[in-house]
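The values are calculated or read from the model by the stated rules, or taken from the named source; none is laboratory data. From a predicted model like this one, the values you see are computed outputs, not experimental measurements. Ideal geometry is used to build each Cβ from the backbone, glycine not excepted, and the neighbour counts take in all protein chains shown.
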Amino acid sequence: MSVIVRQRLAEWLEKNDLDAIFISKLMNVRYVSDYTSDDAYLLLTKRGQYFITDPRYTEQASKECLSFTILEWRSMGSVGDAIGKIAKEEGLKRIAFEEDHLTYAFYASIKHACDVELIPQRGVVEEMRSHKTPQEIDYLRASCQIASDAFEKIIKDIRVGVTEKELAARLSYYMVALGSDTKPYGNILISGARTSLLHGIPSAKALEFGDFVLMDYGCQYKGYLSDMTRTVVVGRANAKQREVYRLEQEMLAAMEAEMKPGTSASHVYQVGADIIKGTEYYQYHYTGVGHGIGMFVHEVPFLGPNHNYILEKDTVMTAEPGIYIPGWGGVRIEDTLLITEDGAEILTPARKELIELV
Ligand SMILES: [Mn+2]
């Protein structure tokens, strides 16, 4: 996979009259080099491919990044000094860098060590990452399946008295036991009135009869993430909970039916929001209703009224409308979907009907 990516980056350098690109975002380093660990940087020039890291990672890099020249920067002084050495050898003049990632101190150290022009850019590798290869789709599919299978396990543990934190820990355990990497990102698992907090953190609160339990979670499989949300009820749902849940189901179904190549991100948002237009709940919806996902949980493209992305085939993204009523609670249901030739395939098959756990 990374061979094709590097070819496309070489073409991008040519087209933009650049001598090299410096990549510092770890996800982008992984995508371009197949390296799976930490603290590493890439410098791709027209002549060479350089992998820059410290002594902790040189052995791993030499095994994973076969087409790269591995440079150990500590013995040279700084990462900037390593870049300076290559720039001198190859006569580099214009080097692009990721403007939305490099700190000022890092930028200054490169500037200090090299006599080059540093050109800010953003989104070049991210744009490539938004279209998934068959292998990436396989990994994402597995990641989503593990999370969906874990749902059937965790709902058996949901009962009055158990705390949000305890359930969140068990959910992580189930996913690792089912085959995910050991680095799941933080699960949101909240209950009762706390479910109106869009990104609430699991607390020591114990579940009470009649609580909504909102679980927004996912796992990582071979570096690829899943993201899904399900909201269930402990005990019996009341009339208002049923009404909000039904509207939420309709919003998600309306959005998913419209997801296909050529559809705009704002249109997908709108068909969901239209379901509750004119109801008392419209004021409680949130407009960020989906995002691309891959090695990072929130990637381009994003779904919302002010985004002008057009959906494209082989993009994997979420749909996650929600109704959040402060002091009362909220409902979110979220799927991860693969945009196909003429529609979208749901990769998170976990049940979406209202589940009352008695
Ligand atoms: Mn999400």
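Figures for the structure shown
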item	result
Inter-residue pairs, beta-carbon under 9 Å, first among the basic types (K, R) and in the stretch 1-21, second part of a loop (DSSP other than H, G, I, E, B), 6+ apart	R6/S67
Residue check, S148 touching a residue at least 12 places away in the same chain (Cβ under 8 Å), touching a Cys at 6+ places or on another chain (Cβ under 6 Å), under 30 Å from G329 (Cβ atoms) and polar (S, T, N, Q)	no
Residue count, the stretch 182-229 (criterion: more than 16 Å from the ligand (Cβ to nearest atom) and not in a strand (DSSP E or B))	17
Residue match in the stretch 274-296 (condition: within 15 Å of the ligand (Cβ to nearest atom), modelled with pLDDT under 95 and among the aliphatic types (A, V, I, L, M))	yes
Selected residue (criterion: nearest to I154 (Cα to Cα)) from residues of the stretch 331-358 that are of a type in the set (A, V, I, L, M) and surrounded by 20 or more Cβ atoms within 10 Å (Cβ to Cβ)	A350
Residue count, the stretch 230-249 (criterion: of a type outside the set (S, T, N, Q), assigned to a strand (DSSP E or B) and either outside the structural domain of Y173 (by TED's automatic domain parsing) or within 16 Å of the ligand (Cβ to nearest atom) (or both))	1
Residue, nearest to the ligand (Cβ to nearest atom), within the stretch 301-315, restricted to residues that are touching a Phe, Trp or Tyr at 6+ places or on another chain (Cβ under 7 Å) and over 30 Å from K240 (Cβ atoms)	F302
Odd one out for W328 among (1) in contact with a strand residue (DSSP E or B) (Cβ under 9 Å, 6 or more places away or on another chain); (2) of a type in the set (A, V, I, L, M, F, W, C); (3) surrounded by fewer than 19 Cβ atoms within 10 Å (Cβ to Cβ)	(1)
Sole residue being outside any strand (DSSP E or B), hydroxyl-bearing (S, T, Y), within 16 Å of the ligand (Cβ to nearest atom) and within 17 Å of E250 (Cα to Cα), chosen from Y269, Y324	Y269
